[in-house]
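The values are calculated or read from the model by the stated rules, or taken from the named source; none is laboratory data. All of these numbers come straight from a predicted model, not from anything done at the bench. We place every Cβ from the backbone using ideal geometry, glycine too, and count neighbours over all the protein chains shown. The area values use the complete protein model at the heavy-atom level, side chains included, leaving out ligands, DNA and RNA. Shrake-Rupley method; radii C 1.70, N 1.55, O 1.52, S 1.80 Å.
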Amino acid sequence: MGILLVAMFLILMFIGVPIAFVIGIVALMGILNVPYIPEVTVPVKMLNGLNSFVLLSVPLFILAANLMNHGQISQKLIDFALSIVGHIRGGLAHANILVSMIFAGVSGASQADTAGVGKILIPNMKKQGYDTATAVSVTAASSTIGVIIPPSIPMIIFAGLTNASVGALFLAGIVPGVLVGLGMMLLIYYYSVKRGYPKYERTSFSKFTKLFMESFPALLTPVILIGGIISGIFTATEAAAFASLYTLLVSMFYYKTLKIKDLPKIMVDTLTLSSLSLFALAAASALGELLSYYQLATWAQEFFANNISSKWVFILIIILFFLFIGTFMDAIPAMILFIPVILPVALYFEISPVLLGLITIMTLAVGLVTPPYGLCLLLAAKIGNISIEKSFKSVIPYIAVVIVVLLFVAFFPDIAFYIPKLISPGLF
């Protein structure tokens, strides 16, 4: 029966059925054929899977990102980023990466970053003399930072699956996210010097101050969110609610770029995006019951215990596995399916849930820019009106940057977590 379920899973994915429905169908068909599990288990498990306060933060963070994009806050952040790095060779591309790092501190959604920032910067980069492939690849690759730098929706989902501390995961993502951003900026500088990409005049202090004050409400958001969560003032869900309300008020009353008539469309977009992830989570909860019946987690732990003696080999296997899975599956359903199986093995090798979460999320972030799934790459390529083949070829060096930082984090976690441990040692 297990082989038939795997075959059904692969066939449904191959013919294009959304992954959330694939998980639900496989769970339902599998449980219907197990005599010891009543059919009512499917809806009960699906409802219980969503009965989590922390999961409320998922639609709320997506709402905050949509409000930022519709409220044109992205443009304010781009102008401010240009005032900092615009004078460096390839300034607009550097600003693209920097604004993605700032945007990541508010939304936690890479796709929202690609859509919001890409619509502004890809056409502008082309006008400034950047080739289309570079404009698309920089935008798509830098968007992956959105799930690494907190707040991060995949981190929230991972915490819900493993009972890991959301605050610890958020802190753990800061240093790797910044390293990925800096690595990409070094790569951009090399290409900019080699290809003669333009730079801007250095921004005067008075103009910089003006742009800073204009951007200050948006820049303050990640400070409040992360500081509030780490200090215990906010839970992740309360922080997400605050981010949505704060972004709404700033867009409507400070920048005055958002109208009440825009809200219905924003709400529909938010519900559409969040429903896919949450339905996948609900369906995976039912599938988890089926996997428990077949004792897949126990089998996996015994297999690795008997055949793999080093946790470093295990980490490499996990990285390679999720690099492959990420090419055709989004991070959230991938974690929902495989983390319950992998977590007991990781604990056997004395790998902390926080380190496992960071490795998993960074690895799956690469999948956002690798075909055939590669949603961020698909969005950026569509905006730039360029083929996926050309876009992917150009994005490979940026993928290499993410993988280098990932390996550094995986094999030298004490260095990567040094600053987070100083800030909040009780979380590690």
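Determine, for each peptide in 140-149, 272-281, the mean count of other beta carbons within 10 angstrom over its residues, then list the peptides with the highest first.
Highest mean packing first, the order is 140-149, 272-281.
Grab the DSSP H runs of the chain that are 4 residues or longer, score each as -39,500 (n - 2.57), total them, divide by all residues and round the 222 nm result to the nearest 500 deg cm²/dmol.
-24500 deg cm²/dmol
Ignoring ligands, DNA and RNA, how do Arg202, Arg195, Arg89 rank by accessible area with a 1.4 Å probe, largest first?
Correct descending sequence by accessible area is Arg202, Arg195, Arg89.
Explain nothing, just compute: Karplus ³J(HN,Hα) = 6.51 cos²θ - 1.76 cosθ + 1.60, θ = phi - 60°, for every residue of the range 27-44 in order, whole Hz, x for Gly and Pro.
Whole-Hz 3J(HN,Hα) from phi for the range 27-44: 4, 5, 5, x, 5, 4, 9, 10, x, 8, 10, x, 4, 5, 4, 4, x, 5.
Using Cα pairs under 8 angstrom and six or more residues apart, how large is the relative contact order of the chain, in percent?
Relative contact order of the chain: 25 percent.
Given a 1.4 angstrom probe, what's the average accessible area per residue across the chain, in square angstrom?
Value for the chain: 44 Å² per residue.
Rounded to whole Å, give me the distance from the Cα center of the range 332-397 to that of the range 140-174.
Using only Cα atoms to place each centre, the spacing works out to 13 Å.
Distance cut-off 29 Å, Cα to Cα: go down the list Lys45/Lys382; Lys127/Lys261; Lys76/Lys259; Lys76/Lys127 and report the pairs above it.
Among Lys45/Lys382; Lys127/Lys261; Lys76/Lys259; Lys76/Lys127, the Cα-Cα distance tops 29 Å for Lys45/Lys382; Lys127/Lys261.
Note down the net charge around Val250, summing +1 for each Lys or Arg and -1 for each Asp or Glu among other residues with Cβ under 12 Å from its Cβ.
Numbers: positive: Lys76, Lys256; negative: Glu214.
Around Val250, the charge tally is +1.
Measure nothing fancy, just the Cα-based angle from helix 375-384's long axis to the longest principal axis of the chain, in degrees from 0 to 90, nearest 10.
Computed tilt is about 30 degrees.
Compare the peptides 63-71, 417-425 by average per-residue count of other Cβ atoms within 10 angstrom and give them in order, highest first.
Final packing ranking: 63-71, 417-425.
How many percent of the accessible area of the range 1-52 is carbon or sulfur, using a 1.4 Å probe?
Carbon and sulfur atoms account for 75 percent of the accessible area of the range 1-52.
Farthest toward the dipole's positive end in the range 298-393, which of Gly326, Val366, Leu377, given Cβ charges of +1 (Lys, Arg) and -1 (Asp, Glu) about the Cα centre?
The residue sitting most towards the positive pole is Leu377.
Given a 1.4 angstrom probe, I'd like the percentage of the accessible area of the range 207-288 that is carbon and sulfur, rounded to a whole number.
Working: 3130 of 4100 Å².
Reported share for carbon and sulfur atoms: 76 percent.
How do the peptides 34-46, 391-403 rank, highest first, by the average count of neighbouring beta carbon atoms within 10 Å per residue?
391-403, 34-46
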